[in-house]
Amino acid sequence: MSRRVLVLAHTGREESLRAAWDACTQLHASGLVPVLQKSELADIERFFGALDNPIEILHEDVSLEDVELVMVLGGDGTILRAAELVRDVDVPLLGVNLGHVGFLAESERADLAQTVEWIASRDYSVEERMTIDVQVWVRGQKIWHTWALNEAAIEKANRERMLEVVTEVDERPLTSFGCDGVVLATPTGSTAYAFSSGGPVVWPEVEALVIVPISAHALFAKPLVVSPRSKLAVEIMNRTDAQGVLWCDGRRSVDLPPGARVEVTRSATPVRLARTHKTPFSARLVRKFELPIHGWRGPAPHSEDVNTGPTPIIRTFTPTPLPSPRDAGPGDQADPTKAK
């Protein structure tokens, strides 16, 4: 049975089209069937001519259910677009970074050939990333329902007007304040918009939701980490006529009039990311953010690996107490104004 790999690229950049052309060639050489969207195939052929190897077209020759893996060539934005594409099917994403940070990507452009080898040999694992379910209510009516992998970001619509909001956790009000917005993020999104707004970095295996105010005008408006089973809500207050806008993963948006309510809960459908090597998240942080680690000595050795010999016995000297004035004889009385 043929193994199919969908190649998804950022077609607005020539570098991405070149990477897609190389990926299709190498996939075919490894015995895999490359799959492209019709529009992306047209873009590649316009730049580089017809591909020498046969290509299957998504939704014409093959459906998403028949694809084993999606190889995403680009930055985090391209991976988020791919996550939308495979939302309703059980297909993992493997990112090859062509952008700047590329936190969701698994490998770099220089490792493209090695990545194809790992795919061909099935030398990869799949991890699930939490997503959130997002609903918008206005005057008791649900006007919008979507999801997000990174975050649901509530922002002010007008630069000159501060947004007045009240936050809620588990159907209980928490605090109200004026701000530029509020980010409701997943652990995956903690290194995206929430990170830029001063929120904490949450390890992907930690199941939690994050609330991060943006430029809040308040004493108590700190980032919060809450249970993944919690229900979060942000209401746009009616004290002013300031409008808001909700962005999910920076890709889907809806306007928020005064009185609008945004509710966020954990979604039952995760996003599946393919991993070719077990890199600790701390190492990914260091590499992506170029963190300084000079002077690190490494962990202490295990006790069974260290031969220290017998534990030395250290005897401490116990000083003899000085006699009290009551114990001294008449001739032993010392002049308190003179030192001995």
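The values are calculated or read from the model by the stated rules, or taken from the named source; none is laboratory data. None of the values given here were measured: they were computed from a predicted structure. Heads up, the Cβs are rebuilt from the backbone with ideal geometry, glycines too, and the neighbour counts pull from every protein chain shown. Remember, those area values only see protein heavy atoms, side chains included, never the ligands or the DNA or RNA. Shrake-Rupley method; radii C 1.70, N 1.55, O 1.52, S 1.80 Å.
For residue 14 and residue 166, what does the FRET efficiency come to when R0 = 51 Å and r is the distance between their Cβ atoms, rounded to the nearest 0.05? Walk me through the numbers before you get to the answer.
Details: r = 48 Å, r/R0 = 0.94.
Here the calculated transfer efficiency is 0.60.
Treating the beta-carbon of each Lys and Arg as +1 and of each Asp and Glu as -1, no other charges, what is the dipole magnitude of region 1-79 about its Cα centre, to the nearest 20 debye? Numbers along the way, then the final one.
Working: 6 positive and 14 negative charges, 22 e Å.
That gives region 1-79 a dipole magnitude of about 100 debye.
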_Tell me which of 187, 247, 299 sits at the most positive position along the dipole axis of the chain, charges placed on C-beta atoms (Lys, Arg +1; Asp, Glu -1)._
299
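How do 269, 316, 175 stack up against each other in accessible area, from largest to smallest, with a 1.4 angstrom probe?
Working: 269 55, 316 120, 175 35 Å².
Sorted by accessible area, descending: 316, 269, 175.
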*Exposure ranking of 63, 230 by accessible area [1.4 Å probe, largest first]*: 63, 230
_Heavy-atom SASA rank of 40, 290, 56, 45 (probe 1.4 Å, accessible area, largest first)_ = 290, 45, 56, 40
*Which value, in debye to the nearest 20, describes the size of the charge dipole of region 215-297 about its Cα centre when Lys and Arg Cβ atoms bear +1, Asp and Glu Cβ atoms bear -1, and nothing else is charged?*
700 debye
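Hey, could you grab the Kirkwood Rh for the chain? Inverse mean 1/r over distinct alpha carbon pairs, Å, one decimal. Write down the numbers at each step before the final one.
Working: mean 1/r = 0.0416 Å⁻¹.
When all Cα pairs of the chain are included, the Kirkwood radius is 24.0 Å.
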*How much accessible surface area, in Å² rounded to 10, belongs to the heavy atoms of residue 57 with a 1.4 Å probe?*
20 Å²
*asked:* Report, to one decimal in Å, the Kirkwood hydrodynamic radius for region 46-101 based on all distinct Cα pairs.
replied: 12.9 Å
*Choose one of 105, 158, 130: the residue whose Cα lies farthest towards the positive end of the charge dipole of region 96-169 (beta-carbon charges +1 Lys, Arg; -1 Asp, Glu; about the Cα centre).*
158
*Bin width 5 Å, alpha-carbon pairs only: give the P(r) of region 1-133 as whole percents, running from 0 to the bin holding the largest distance.*
2, 11, 23, 26, 22, 12, 3, 1, 0
*asked:* Quick check for you: with a 1.4 Å probe and neighbouring chains kept, what is the accessible area per residue of the chain, in Å²?
replied: 56 Å²
